[in-house]
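Quick notes on the structure that follows.
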Amino acid sequence: MIVAENIGMVYRQMLKEVVALKNVSLEVKKGEVFGLIGPDGAGKSSLFRILTTLLLPTAGRAFVGGHDVVDQFREVRNIVGYMPGKFSLYQDLSVEENLRFFARVFDTTVQANYGQIKDIYEQLAPFKNRRAGALSGGMKQKLGLCCALIHKPEVLFLDEPTTGVDPISRQEFWDVLKRLSGDGISVFVSTPYMDEARLCDRIGLIFKGEILAVDEPDKLVKRHDQKLVAFRGRNMYTLLQDIRQEAAVYSCFTFGDALHVTFHDREYVVDELVRRLEERGHEGVEWWPIEAGIEDYFMKLTNDRCDGKGD
Amino acid sequence: MKIKTFIDQFFAFTQKEFFHILRDRKTLLVLIVLPITQLLIFGFALNSNLTEMPTAVLDLSNDPLSRQVVAELDASTTFHVIGRVNSMEEVDELFKAGKLSQAFVFMPGFEKSIKQTGTGNMQVIMDASLGINSSTLESHILVILLKFQQRMNADREIPIQIIPEVKMRYNPELSSAFHFVPGVIGIVLMLVCSMMASLAIVKEKESGTMEVLLVSPIRPPVIILAKLVPYLIVGMFNIVIILLISVFILKVPIAGNIILLFFIGTIFTLSSLALGIMVSVLTKTQRSAIIVSIAGLMLPAIVMSGFIFPLDVLSPAMRVVVHCMPVTLFISAARNIMIKGLGMVAVYRELIWMAVITVVLIVISIKCFKNRLS
Amino acid sequence: MRMLGFLLQKEFIQISRDKMILLLLFLITVILLFILPPAAKVKTSKIALSVVDHDRSTTSASFLRKLTSSNQFVIGAYVNSYDEGLAVMEENKTSGILEIPKGFEKNIMERTAAPILLEIDAVNGVTAGLSSFYFLQIMERYIWEYIDGFGFQPGFRLESQEEILARVEAEAQAEMMKRARAEAESQARMAREQSLMIARAEAEQAQMEAEASQQKMPESIETAVTRKVNEGMGAEAVAVPGFAMNTNVPDVDIPLIEKPAEANFEQVRMIVNNRYNPDGESSLYQIPSILAILVCLIGTVLSALNIVTEKENGTIEQMNVSPVKRSAFIFSKIIPFWVIGMVILTIGLIIVWLVYGIVPRGSYGSIYIVSFLFLVAMVGFGILISTACRNQQQAMLLCFFFLLIICLLCGMWTPIDSMPAWARVIADINPLRYYVQMMRLFFAYGSELRHVLPQIGMLCVFIVVFNGWAIWNFRKAK
């Protein structure tokens, strides 16, 4: 449904040039939920805008539903549903009025495709006369999704739809996405949340404008072949710094309340490191082995790009 | 694109626009009250009849005749002698301090000159910094001198008498308002409409709703035309109130066809809105749009529209430029209809030209409407 | 103080990022200074009249000539009736109707009242009054010059009715004879040309015949033509009308009216002393005033929008909870616009100098000092407006409301002295009024700062009031 071939995007501002995307290629099949994972500034929004025909790429080609995003942008705009990162509906119109407006704009009615949005809208229904600007964050996103779905698009583009939304609503949101993909709608979603990445059919890791890897989440995680342990100590910050200085350590990052540490050598004996740390004066040092998560794999890939102990 | 789809989208969009405008009660109120207030203020305050203009007198003759002339001038409502000075330097200082509109200077021997040669000279020094009143003031002086002359020569038999009858057509009381009020109506309507319309599209760009709109089948012509409609309705409502105020409070009659005037006013409102929409399409931020509307449009509207400065002294090139502004056309047409009571025959050219400009502006807006984010 | 430095840095960075605005300001300044001054002309134009001359006499003609030679009036249309003249006036081709009734000349000759009607398009009351004045003035002058120059020579005596009639008839006859003679001459000329053509044609014909029969022509074509023409000359002399044969009446010229007035008539002449504008071009000095108004608009709108944008974005909330001192914050908002305003002023002054050659008689220093004070006041006013607004649209409407009043009631377009009392009060509390006046004085008279101390004082009052009120509103909001 979505095909991107060597997409490049360069922003020119007076004398400066910013490379937002470099050689991005990916494919999304019909009925697939594809997650674009990457930190801020990785180029996610630029890619979204290119695929939704809002930006002209400076290099490469892309097709959505078989239509070229540059030459056949009108056809693309007819079959696509789009939810940009910021809330982009009319604040002074009510929930119902917003929905009706977008239905009419797409030459359809709310009734015609109500089935699409039924499960989401039922939660909004008590507030249908409330002004959209007065809704909570989660409600706003739900409304945004409804308005994007109301015309039964073939492809759905969601740019960070769950940012700033409470965990319960997030879960509900992803339930809906699963249902949509079951209906045959392709979903292209970006998220900074690694746990949501697990819920996608396939994910693409993007960093500084380049695609690092594309695969099913489980398969990606298996690619992480380094020795990975978690560390904890009394003084986390100096622990982090000291561990990073160790030659045997490949990378060390904070993860929640622990440190994730990887080693060059798969057979490295961790107790060695613990001994050296205790020599330095660290107290209460403990460690345990962990399974690599997507985030770990992402960190490994980005670390490979930079020159080593990470930042 | 199918006509039916176009109409559907148009109505959907127009309905949304009406929601916007009706829900912002404060702005709606301001949109109606503001033009009324401005009209009332300017209708009463702007007056080109010159009264009590500060004058200085340098009388180096100081004979009865020169004193009589000065007394005549001072007695008129136009001039007010604020002081008698003794040297040209004092005159200079007064002008430099901005205290004078003009100065009258009599050289020594004024009366003697008249008795001997029949001619006496009075010098008039006008304020060079404000030329707009000079010729009017000069003619006022001339009239007073003329009357004085008549009295001086009263005993001389005038064998022939030409009896002039001067009639003032359209404006027997020479009220300033007749000339200014159509101008104020034009300027205020134009600026308010352009300003509001200039924000119409930019606001959606800034708030992000434009992004979602673009990724939809809706076409630029629909957006642009639908944005015009609610403001046009408000504008038409404004025109009615403005005309009522002109007639009943400002005492400027509508000698001609009210329907025609209303019709032209509507076309004019449309053209001003189209101008604003064009600004809205071409700018990226609300700030830019507002700067263009206020700093860019206010002065041309005042200076180039025939409101104050007459149009017939302009060079042909300037005249063409000036008539490309709808406000110029409207003011001239409004004066023709309101004051002169003329009909379509006198204003059809302005009407057609206004309509053409409106269409051109809308077409430019549609063409320049960005289909993508840049 | 250091805090202020950082804040200013942030402000200037923000401004330089938004290059669109800077470009826009520059463009607006340049374009307006190019197209506004040519339109701001205060020359009074000639008044075009629809003339209905029922009399069609030489006197009425001479009156019209007097009217048009005055450079105030121009004959826009010569029509046959009042209604026709009105129609032309309604088409806006003329601004008045002049109707000279039948018997105008007769009345003047017979020393009875000779009416004349002038109807003026009075939509613009002032110019209508002007036109009326000029007309009366010209009429008076015509009467005096008619008396002094037309028929009364030095040592005159009053002519009797019969003598006048005889003289007029002789003049009429002389005129008719002159016309007849001119007519005869032109007829003779035409006849001559005609016979020339005929003679030439005949000669050519003869030539062709001669060639055809191979005989030589006795004479050349030219000679033949001349001979023929001279033969025919005498026979075709034009008959001159009988009465014109009486050549005792000398050729009397219709006297030109432009004879100077003789003694006995006293007049007071007004002489315009162009002491301060030797080239008579006083509308030039309005251009710096237009620049002044532009600076006012830009400075106010920019400063009003700046704070409101931060309110809309919510960044102002951040400021409120940061250790930034309020005074530093406020100054960081104000100072950049002083700078921008002065830059716009400088660009404008350069354009005014380069394009129109206008240089102030006074010093640039005083211009800059006064402009700076004005900017401080108006930027304060803009900030004051922004404290009352929650979004840019409100700021726009409020700015427009005040700025239009400030702009129209500043004394540039209509005199303040003529306004009703309440409007004069508004003008008295209008900062632009003082600024524009000072700019005019600096440019036209080279006034120095000591001349305009009262105006400077008023500006200082505005500075304190606007900025103080704005700061007070800020404190309240916290």
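Which of the pairs B:370/C:325; B:96/C:66; B:370/C:311; B:205/C:10; A:86/B:26 have their Cα atoms more than 32 Å apart in this structure?
Values: B:370/C:325 43 Å; B:96/C:66 40 Å; B:370/C:311 28 Å; B:205/C:10 25 Å; A:86/B:26 27 Å.
Violating the 32 Å limit, Cα to Cα: B:370/C:325; B:96/C:66.
So if R0 is 30 Å, what FRET efficiency would residue C:359 and residue C:74 give, r being the distance between their Cβ atoms, rounded to the nearest 0.05?
0.25
At a probe radius of 1.4 Å, what is the per-residue accessible area of residue B:117, in Å² to the nearest 10?
90
Would you please classify the overall shape of region C:47-147 from the alpha carbon gyration tensor, given that a ≥ b ≥ c denote the square roots of the eigenvalues, rounded means a/c under 1.5, and beyond that prolate means a/b larger than b/c while oblate covers the rest?
Taking the square roots of the gyration eigenvalues as a ≥ b ≥ c, region C:47-147 is oblate.
Label residue B:372 and residue B:165 with points 7 Å out from Cα along Cα→Cβ: what is the distance between them in nm?
For the pair residue B:372/residue B:165, the computed spacing is 7.6 nm.
Taking 7 Å along the Cα-to-C-beta vector as the label spot, tell me the residue C:204-residue B:263 distance in nanometres, rounded to one decimal.
6.3
Roughly how tilted is helix B:134-152, in degrees to the nearest 10 and between 0 and 90, from the longest Cα axis of chain B?
Taking Cα atoms only, the helix is inclined about 30 degrees.
I'd like the FRET efficiency for residue A:29 and residue C:473, computed as 1/(1 + (r/R0)^6) with the beta carbon distance as r and R0 of 56 Å, rounded to 0.05.
Taking R0 as 56 Å, the efficiency between residue A:29 and residue C:473 is 0.40.
Can you sort C:119, C:317, A:154 by 1.4 Å-probe accessible area, starting with the largest? Can you show the working numbers first?
Details: C:119 10, C:317 115, A:154 85 Å².
These residues rank, largest area first, as C:317, A:154, C:119.
Quick one: ranking A:237, C:142, A:250 by accessible area, 1.4 Å probe, largest first, what do you get?
Heavy-atom accessible area, descending, gives A:237, A:250, C:142.
How far is helix B:25-45 tilted off the main Cα axis of chain B, in degrees rounded to 10, range 0 to 90?
Helix B:25-45 sits at roughly 20 degrees to that axis.
Going 7 Å from the Cα of residue B:255 along its beta-carbon direction, which residues of region C:88-125 have the amide nitrogen within less than 16 Å of the resulting point?
Of the residues in region C:88-125, C:88-98, C:118-125 have backbone N under 16 Å from the label point off residue B:255.
What are the ³J(HN,Hα) couplings of region C:455-465, residue after residue, when phi is run through the Karplus curve with 6.51, -1.76, 1.60 and θ = phi - 60°? Round to Hz, x for glycine and proline.
Result, ordered by residue: 5, 4, x, 4, 4, 5, 4, 4, 4, 5, 5 Hz.
Which angle between 0 and 90 degrees, to the nearest 10, do you get for helix B:3-23 versus the longest principal axis of chain B when only C-alpha atoms count?
60
Which residues' amide hydrogens lie under 5 Å from the amide hydrogen of residue A:227, considering only partners 5 or more residues apart or on another chain, with H built in the peptide plane?
A:263
Search the structure for amide H atoms under 5 Å from the amide H of residue B:121, placed 1.01 Å from N in the peptide plane, and list their residues when 5 or more places away or on another chain.
For residue B:121, the qualifying residues are C:269.
Listed here are the pairs A:44/A:142; B:340/C:46; B:99/B:251; which of them are more than 31 Å apart at the Cα?
B:99/B:251
Could you give each residue of region A:51-66 its phi-based ³J(HN,Hα) in whole Hz, using Karplus coefficients 6.51, -1.76, 1.60 with θ = phi - 60°, and x for Gly or Pro?
Once rounded to whole Hz, the list reads 5, 8, 6, 7, 10, 8, x, 7, 8, x, 9, 8, 9, 10, x, x.
Could you give the nm distance between label points at residue C:429 and residue B:247, where each point is 7 Å from its Cα heading toward the beta carbon?
3.5
Where is the GNM fluctuation largest for chain A (alpha-carbon springs, 10 angstrom cutoff): A:49, A:266, A:179?
Maximum fluctuation in the GNM of chain A, among the listed residues, is at A:266.
Which ³J(HN,Hα) values in Hz, rounded to whole numbers, follow from the phi angles of region A:272-285 under the Karplus curve 6.51 cos²θ - 1.76 cosθ + 1.60, where θ = phi - 60° and Gly and Pro get x?
3J(HN,Hα) across region A:272-285, in whole Hz: 4, 5, 5, 4, 5, 5, 5, 4, 6, x, 6, 10, x, 6.
Which FRET efficiency value, to the nearest 0.05, is calculated for residue A:5 and residue A:178 with the Förster distance at 22 angstrom and r the Cβ-Cβ distance? Could you put the intermediate results ahead of the total?
Numbers: r = 28 Å, r/R0 = 1.29.
Calculated transfer efficiency: 0.20.
Residue A:130: accessible area at probe 1.4 Å, nearest 10 Å²?
110
Under 5 Å between amide hydrogens, which residues at least 5 positions from residue A:255 or on another chain qualify, with H placed 1.01 Å from N in the peptide plane?
A:260
Return an integer: the convex hull volume of the alpha-carbon atoms of the protein assembly as shown, in Å³ per residue.
Roughly 284 Å³ of hull volume per residue.
Can you tell me, using C-alpha contacts under 8 Å and at least 6 residues apart, the relative contact order of region A:2-218 as a whole percent?
Once normalised by length, the contact order is 30 percent.
How much length is gained on full extension from residue B:28 to residue B:207, taking 0.36 nm per residue of separation minus their Cα-Cα distance? Kindly include the intermediate steps, with their values, before the conclusion.
Working: separation 179, 0.36 × 179 = 64.44 nm, distance 2.06 nm.
Extending this stretch completely gives an extra 62.4 nm.
The values are calculated or read from the model by the stated rules, or taken from the named source; none is laboratory data. All of these numbers come straight from a predicted model, not from anything done at the bench. Note that each Cβ is placed from the backbone with ideal geometry, even for glycine, and that neighbours are counted across all protein chains shown. The area values use the complete protein model at the heavy-atom level, side chains included, leaving out ligands, DNA and RNA. Shrake-Rupley method; radii C 1.70, N 1.55, O 1.52, S 1.80 Å.
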